[in-house]
Amino acid sequence: MISQQAPSTALAMAPTLPLALTSRQLLAYALFGLPLSLLALPVYVQVPQLYAGTLGLSLGRVGAILLAARLLDAFADPLLGHWMDKVASMRGHAGFVLMSLLPMAAGYLALFHPPAFSDAMTLCLWFGGSLVLVYLGYSMALIAHGSWGASLTQQRGERSRLTAMREGFALAGVMVAAALPEIAGLQALTLVFLTALGVSAWLLLQYAPRVPSVPHELQGWQALFAPLMQRKFRWLLAVFAMNGIAAAIPATLFLFFATDRLLLAQYAGLFLVAYFAAAAISLPLWSKISAEVGEPKAWLFSMLLSVAVFVWASLAEAREMMPFALICLLSGLALGADLALPPALLAGVIGDAGHSSQREGAYFGLWSWATKMNLALAAGISLPLLEWLGYVPGQPSEAGLRALVIAYALLPCLLKLVAAWLLWRAPLRDV
């Protein structure tokens with residue numbers, strides 16, 4: 001069993017955290033979020049079209065390989081985080097970032113620039129192996145980067161300032177990754193990704209402050225699941241998961257809604273740019289609000305704002321471009337809080353448990369698992385529900401369109417309200 005004295009003992013052992021980070025330190029830390037999003041979006045969006053459409057694999061094979069690789073990736077994250085904690089005192093977060101660079105770069109090149117194969121089976125093996133390699137590097141970098149940030153400060157305003165800047169660069173990466181393949185092709189995106197990866201990693205390792213890791217006494221499964229023994233983390237993870245599913249469902253169904261309900265498929269890219277740009281602009285605002293009232297209240301307000309705005313999508317009619325663009329802009333403002341505040345709260349929960357600079361990897365491993373399972377559950381909930389309710393993509397009946405509206409606009413609002421209720425009940429106000 002974990003000793004009840006563990007948090008206080010850990011706090012005594014933990015290194016002193018800086019009260020404030022300089023702008024150069026923040027920039028050096030946060031910029032690494034840019035290449036991570038430059039990698040993540042194409043892997044989710046471009047890969048199915050590349051291997052099924054261009055390279056000729058069947059949709060069934062592509063779907064099966066993607067499902068297997070994503071499930072392996074999600075369930076490996078807690079183990080990866082636990083392993084990183086175990087040896088962090090020797091290598092530190094910087095060491096894991098450095099270790100992640102080769103599999104990320106090599107996996108990306110292999111995945112998006114495969115050699116010509118004469119048979120489908122060899123291409124399938126290359127596809128699966130490339131996915132596993134790129135997911136390994138990405139997950140290691142994501143967990144190490146998040147853990148590093150959580151170890152840097154426990155000051156409330158500084159936590160959200162740090163995560164807001166990191167997520168701002170991540171959003172910039174998302175917009176570049178969305179637009180550049182259409183403008184200049186995948187070769188240009190590869191060049192930008194590799195350049196951003198090298199430059200941001202050098203700045204991170206050179207200028208970001210480092211907090212020494214403190215060895216901890218827990219071993220094996222006890223250490224792996226130690227975060228789940230913390231009541232505040234369990235509450236936060238439940239809120240994060242519910243809110244994440246609420247956000248992932250409309251993301252999964254967006255193209256169907258823009259195409260069949262709005263009849264505005266040609267403007268789908270502009271809607272997404274408006275959504276993410278509004279989120280990026282809102283990040284400093286949410287950082288300031290959270291510094292004044294705390295992350296839980298600020299996040300709760302953003303959830304209610306999101307519901308108040310997004311519920312109007314259920315009334316959107318065909319070819320109503322400007323009203324839907326306004327919904328995208330206003331809901332994008334709420335998205336900024338979803339990006340910046342939960343990881344700031346997680347850093348606070350880790351500090352409150354006395355686990356700073358000790359077990360961040362275990363926390364962020366479980367956090368990453370929840371993020372990836374949100375995407376899987378969103379597809380698993382919304383797509384079968386739509387099929388059951390009679391929606392057929394490209395051939396929408398009146399009943400099918402009604403089902404699409406319910407799944408795209410109303411179900412996420414209901415789930416978001418459940419997440420808001422959980423957050424209101426959660427014991428996180430003193431974090």
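Taking the full set of protein chains and a 1.4 angstrom probe, give the accessible area of K232 in square angstrom, rounded to the nearest 10.
40
Okay, helix-only estimate at 222 nm for the chain: each DSSP H run of n ≥ 4 adds -39500 (n - 2.57), divide by all residues, round to 500 deg cm²/dmol; what do you get?
Rounded to the nearest 500, the figure is -26500 deg cm²/dmol.
Give the peptides 366-373, 180-187, 424-431 in descending order of average Cβ contacts within 10 Å, highest first.
366-373, 424-431, 180-187
Before anything else, pin down the relative contact order of region 290-412: Cα pairs under 8 Å, at least 6 apart, normalised by residue count, whole percent.
28
Relative contact order for the chain: what is it in percent, counting Cα pairs under 8 Å that are at least 6 residues apart?
The normalised contact order for the chain reaches 28 percent.
What whole-number volume per residue, in cubic angstrom, does the convex hull of the C-alpha atoms of the chain give?
139
Residue-wise, which Karplus ³J(HN,Hα) couplings in Hz belong to region 227-242, taking 6.51 cos²θ - 1.76 cosθ + 1.60, θ = phi - 60°, and x for glycine or proline?
For region 227-242, the Karplus-derived couplings read x, 6, 7, 8, 4, 5, 5, 4, 5, 4, 5, 5, 4, 4, 5, 5 Hz, x marking Gly and Pro.
So if each residue of separation counts as 0.36 nm, and I subtract the Cα-Cα distance between Q395 and Q187, what length gain in nm does that give?
71.4 nm
Sum up the lysine pairs in the chain that clear both bars: alpha-carbon distance under 21 Å and a spacing of 8 or more or different chains.
5
Separation between the Y207 and A94 pseudo-spin-labels, each 7 Å from Cα along Cα→Cβ, expressed in nm?
Here the answer is 1.5 nm between the modelled labels.
Could you work out how far apart the two model spin labels at S314 and S58 are, taking each label as a point 7 Å from the Cα in the direction of the beta carbon, and quote it in nm?
4.1
I'd like to check one number: the per residue accessible area of region 89-141, probe 1.4 Å, reported in Å² as a whole number.
Ligands and nucleic acids excluded, the result is 43 Å² per residue.
Enumerate the whole-percent occupancy of each 5 Å bin, from 0 to the last occupied one, for all C-alpha pair distances of region 380-426.
5, 23, 22, 17, 12, 9, 6, 4, 1
Let a ≥ b ≥ c be the square roots of the eigenvalues of the Cα gyration tensor of region 122-221; is it rounded (a/c under 1.5), or, if not, prolate (a/b larger than b/c) or oblate?
oblate
Got a number for carbon plus sulfur as a percent of the chain's accessible area, 1.4 Å probe?
Reported share for carbon and sulfur atoms: 70 percent.
In sequence order, what are the phi-derived ³J(HN,Hα) couplings for region 378-388 according to the Karplus relation 6.51 cos²θ - 1.76 cosθ + 1.60 with θ = phi - 60°, rounded to whole Hz, with x for glycine and proline?
Rounded to whole hertz, the list is 4, 5, x, 8, 6, 5, x, 4, 5, 4, 5.
If the convex hull of the alpha-carbon atoms of region 283-407 is projected onto planes in all directions, what is the mean projected area in square nanometres?
That works out to 9.8 nm².
So how exposed is Y44, as accessible area in Å² (1.4 Å probe, rounded to 10)?
80
Using the heavy atoms of the protein chains alone and a 1.4 angstrom probe, what is the accessible area of region 300-387 per residue in square angstrom?
Value returned for region 300-387: 34 Å² of accessible area per residue.
Simple spin-label model, 7 Å along Cα-to-Cβ: L72 to L255 in nm?
2.5
So for region 100-143, averaging the separation of alpha carbon pairs under 8 Å that are six or more residues apart and normalising by length, what relative contact order in percent results?
For region 100-143, the relative contact order is 63 percent.
Between T195 and A106, what is the FRET efficiency for a Förster distance of 22 Å, r being their Cβ-Cβ separation, to the nearest 0.05?
0.85
Kindly rank 400-408, 263-271, 235-243, 357-365 from highest to lowest mean number of other beta carbons found within 10 Å of each residue.
Ranked from most to least packed, the peptides come out as 357-365, 235-243, 400-408, 263-271.
The values are calculated or read from the model by the stated rules, or taken from the named source; none is laboratory data. The model shown is predicted, which means the values in this text are computed figures rather than measured ones. Methodologically, a virtual Cβ is constructed for each residue, glycine included, from the backbone with ideal geometry; neighbour enumeration extends over all protein chains shown. Accessible surface is based on the protein model in full, side chains and every heavy atom, while ligands, DNA and RNA are left aside. Shrake-Rupley method; radii C 1.70, N 1.55, O 1.52, S 1.80 Å.
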